[in-house]
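Working notes, beginning with the structure itself.
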Amino acid sequence: MLTGEKVLITGATGKIAFPIARALAERNEVWGAARLRAPGDRDRLQAAGVTPMALDMSTGDFSELPDDFTYVFHAAVDSGAGDWSRCVDTNAQKSGELLYHCRTARGFVFCSTGSVYGYQGRRPLRESDPPGVPLRANYSFSKIAAEAVCTWVAKQNGIPLTIIRICSTYGPEGGAPADRLEIILARRPIRLHPDKPNNYNPIYEDDYVALGIRAMEVADTPPVVVNWAGSETVSVEDYCAYLGELVGVEPILEYTPAAHTPLWPDITHMHEVLGRTTVPWRDGMRRMIAARHPELPLPEHDPTTA
């Protein structure tokens, strides 16, 4: 755990960045930058010991942002739901400008995505695999561009950088497994790619906090590029079946080519540079349900081992 540092977390109200900011604020001066447009955003950050700062990455106005942060975790993002050129400008060009603004940092983490990869079929995705064009083309393309921009800026200015390719996070703040839990409870079909099983390596909040902080510590020049995921592989089919057993609702699975291809990461390099995760996926899923739906009674014993 970092101690006594001045840390900038962008996208600080998001499901990944907020728990990291909250953990770091226990021993560091942490600034949480976000749009802060939702009621309670500012109060929530302050309650966690984080200094809130209104920042819209799409404007590229960093004039009020200090430039003496020792570490940066950059998770702010344009989701790509609107104009594609704005998405690329925000996620790629403005990220490069932020990296340059914080060029004295000892470690800068840029949050990319596992959806930059082209689908490789029935094998895990390696950091050396080529990019592709998945369903959310605007977003994925913008992250491919952002990796290139940030890599160039980091190399030109000797800035230690880590690029993490986020594959599947979950926990009390949400994530894909949490979204699928809600679909199960609503008794609606879960859309999956027909090339089954749909393998993933979901990473629980405790672990993504630890590995997010570690990613800042190992930042280097040239940049470190690493998949960011859990150490265990589990299919969506299996974890949805487990979620269904815990809440007493059988999942409905619907296979369609219109669904996203599986993001099954190779975590060999991650183990080398960031370490292993510690929360088994079944424990994480149970804890996620307890946090998000405390009204649901959970079986005392694991239904898969009883």
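The values are calculated or read from the model by the stated rules, or taken from the named source; none is laboratory data. What you are looking at is a predicted structure, and each value in this text was computed from that prediction instead of being measured. All Cβ positions, glycine included, derive from the backbone under ideal geometry; neighbour counts span all protein chains shown.
Of all residues in the stretch 167-207, those satisfying the criterion of being in a helix (DSSP H, G or I), touching a Pro at 6+ places or on another chain (Cβ under 9 Å) and closer than 21 Å to residue 266 by Cα are 176, 177, 205, 206.
Looking at 259, 291, 306, which one is at pLDDT below 95, among the small types (Gly, Ala, Ser) and either under 19 Å from the mean Cα position of the chain (by Cα) or surrounded by fewer than 17 Cβ atoms within 10 Å (Cβ to Cβ) (or both)? Can you show your working first?
On the way: 259 fails: either under 19 Å from the mean Cα position of the chain (by Cα) or surrounded by fewer than 17 Cβ atoms within 10 Å (Cβ to Cβ) (or both); 291 fails: at pLDDT below 95.
The match here is 306.
Each residue in the stretch 184-200 was checked for being surrounded by 14 or more Cβ atoms within 10 Å (Cβ to Cβ) and either free of Cβ contacts under 8 Å to residues at least 40 places away in the same chain or aromatic (Phe, Trp, Tyr) (or both), and 1 pass.
The C-beta contact set for the stretch 291-303 (first residue in contact (Cβ under 8 Å) with a residue 60 or more places away in the chain, second residue part of a loop (DSSP other than H, G, I, E, B), distance under 6 angstrom, 6+ apart or interchain) comprises 291/172.
Criterion first (assigned to a strand (DSSP E or B), touching a Phe, Trp or Tyr at 6+ places or on another chain (Cβ under 9 Å) and either buried (at least 23 other Cβ atoms within 10 Å of the Cβ) or modelled with pLDDT under 95 (or both)) does residue 77 satisfy it?
no
Per the conditions (1) among the hydrophobic types (A, V, I, L, M, F, W, C); (2) touching a residue at least 60 places away in the same chain (Cβ under 8 Å); (3) touching a Pro at 6+ places or on another chain (Cβ under 7 Å); (4) surrounded by fewer than 20 Cβ atoms within 10 Å (Cβ to Cβ), the sole criterion not satisfied by residue 225 is (3). Look at the stretch 146-161: where a residue is closer than 9 Å to residue 100 by Cβ and a partner is part of a helix (DSSP H, G or I) and at pLDDT 95 or above, sitting 6+ places away or on another chain with Cβ atoms under 6 Å, you get 153/96; 153/99; 153/100. Any residue in the stretch 133-141 that is touching a strand residue (DSSP E or B) at 6+ places or on another chain (Cβ under 7 Å) and either crowded, with 18+ Cβ neighbours inside 10 Å or more than 23 Å from residue 21 (Cβ to Cβ) (or both)? Scanning the stretch 133-141 turns up at least one residue that is touching a strand residue (DSSP E or B) at 6+ places or on another chain (Cβ under 7 Å) and either crowded, with 18+ Cβ neighbours inside 10 Å or more than 23 Å from residue 21 (Cβ to Cβ) (or both). If you filter the stretch 24-47 down to residues that are touching a strand residue (DSSP E or B) at 6+ places or on another chain (Cβ under 9 Å) and in a loop (DSSP other than H, G, I, E, B), you find that the one that is surrounded by the most Cβ atoms within 10 Å (Cβ to Cβ) is 28.
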